[in-house]
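The values are calculated or read from the model by the stated rules, or taken from the named source; none is laboratory data. Because the structure is a prediction, the values reported are computed rather than measured. Here the Cβ positions follow ideal geometry from the backbone for every residue, glycine too, while neighbour counts run over all protein chains shown.
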Amino acid sequence: MKRTLTLLIAGTVCVTCSAQTDEWKDASKESLAYHAYREKITRPPYELEKILGMIKKISTDKTIGDDEDNSALSPQSYSRLSLREKFTYNMVHGESYSQNCDAMPPIQDEQKKIFAQLPDVFGEYSWSTRQRDFFVGYQDSVVSLMTASIERTNRVGLNYKKVIVDLNAREMIPLLIRTYNVEKKDHDILTVLMLLMAKNSYGPFLSSVSYKKLYADKESSYTAYLAFNAANETLILQRATEFYNGLFKKG
């Protein structure tokens, strides 16, 4: 009954959301293309085909996590995976499901913005407790595997970005900056740098106009952004470099 009521409420909200979309302005092709680019994840190569095959065969396992609708490998199957296989599985698949209808209007000129927050990785799915525990429990290995992948491809997928922030992997800042500078296209790398500075209460960033605009109001932070221009880009990279140098290069 609880499940049915939840779906009925969600359905009502979705109808309302659908009605609102008629008034929304369509985004440009450039904006839509950049939106798709932002949402791309990195798929690790370690037994990827095997892992994708296992994901296809997953049946609901109600013993994992807090929600009743989790798309998860059984504990037995999961435990038999090697560390690298678990890394691949967790990076490409969110186990925990939550019904929502957070319909949002198309973002205009998305390619011209540096956002305060990252997009959701798996839509209505997210990482379960055991997946988050894996990232934390094997942080050194996870950072090492992400580093090797980024160096090989010059790309930081959305899933990697989220994990870097969640793990507070400040040691990856020089790599993030080098990767960004290859094409200067992935503005969400700049977002990751700002999130790391905010998470570590870096004084020069906390006292900046950028911080106040992006993070002072938590309710509006998800949609807040800076204009993408040379001045903001340079300032973020400079502050992140100084933040990193202060952490790791003293004495």
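For the residues VAL163, VAL142, the requirement of being part of a helix (DSSP H, G or I), more than 13 Å from the chain's Cα centre (by Cα) and within 26 Å of SER77 (Cα to Cα) singles out VAL142.
Quick one: in region 74-113, of everything that is modelled with pLDDT under 95 and among the aliphatic types (A, V, I, L, M), which residue is surrounded by the most Cβ atoms within 10 Å (Cβ to Cβ)? Filtering region 74-113 for residues that are modelled with pLDDT under 95 and among the aliphatic types (A, V, I, L, M), the one surrounded by the most Cβ atoms within 10 Å (Cβ to Cβ) comes out as ILE107. Using the structure shown, decide if VAL143 is free of Cβ contacts under 8 Å to residues at least 40 places away in the same chain, within 26 Å of SER82 (Cα to Cα) and not small (Gly, Ala, Ser). Yes: the conditions hold for VAL143.
Within region 124-149, being surrounded by fewer than 16 Cβ atoms within 10 Å (Cβ to Cβ) and out of contact with any helix residue (DSSP H, G or I) (no Cβ under 9 Å at 6 or more places or on another chain) holds for GLU124, THR129, ASP133, GLY137, GLN139, ASP140, SER144, ALA148.
Within region 24-59, the set of residues being charged (D, E, K, R), assigned to a helix (DSSP H, G or I) and touching a residue at least 40 places away in the same chain (Cβ under 8 Å) comprises GLU30, ARG38, GLU39.
A single member of PHE248, PHE205, PHE228, PHE243 is touching a strand residue (DSSP E or B) at 6+ places or on another chain (Cβ under 8 Å) and of a type in the set (Phe, Trp, Tyr), and it is PHE228.
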